[in-house]
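Reading through the structure tokens given below for one structure.
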Amino acid sequence: VNGLDSNKDCPEFDLMFDNGLDQWVASSAGEKCTFIQILHHTCQRYCSARKPEFVNCQSKLLGEGLDTVIYHCKVYLNRMRKDLVPHRGHLPRQGKHHRTTICTL
């Protein structure tokens, strides 16, 4: 994982795989930081034999505890839920009565 610049907040980063390099752009620098932090924590926890290298990433992303990662995940998921789930409440009825079911996360 190449964060490209550890001194500047930018949404771009690279992911190198065995078969090549992918260049990524997050929706914001904050989203990139959250992604890298979660990816780093997951790799540290589940990759026992060959851990990926994280270069040009802010050290605060690689050294914070699990509580911070969980907090960032909750913030991100709550934001996604608000974007995906329509406002709750009754839909106006027009003509024949129809039952409408809204799925929530």
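Key figures for this structure:
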read-out: Solvent-accessible ranking of 51, 32, 60, largest area first, probe 1.4 Å; value: 60, 51, 32
read-out: Ranked order, 39, 21 - accessible area, probe 1.4 Å, largest first; value: 21, 39
read-out: Residue 9 accessible area, 1.4 Å probe, all protein chains in place, Å² to nearest 10; value: 110 Å²
read-out: Estimated distance in nm for a label pair at residue 16 and residue 75, the labels positioned 7 Å out from Cα along Cα-to-Cβ; value: 3.0 nm
read-out: Under 20 Å from the Cα of residue 74 - lysines, other chains or at least 8 residues apart; value: 32, 60, 82
read-out: Solvent-accessible ranking of 82, 8, largest area first, probe 1.4 Å; value: 82, 8
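The values are calculated or read from the model by the stated rules, or taken from the named source; none is laboratory data. Everything numeric here is computed off the predicted structure, so don't read it as measured data. Don't worry about glycine lacking a Cβ; one is built from the backbone with ideal geometry, like all the others, and counts go over all protein chains shown. Heads up: the accessible areas ignore ligands, DNA and RNA and are worked out on the full protein's heavy atoms, side chains in. Shrake-Rupley method; radii C 1.70, N 1.55, O 1.52, S 1.80 Å.
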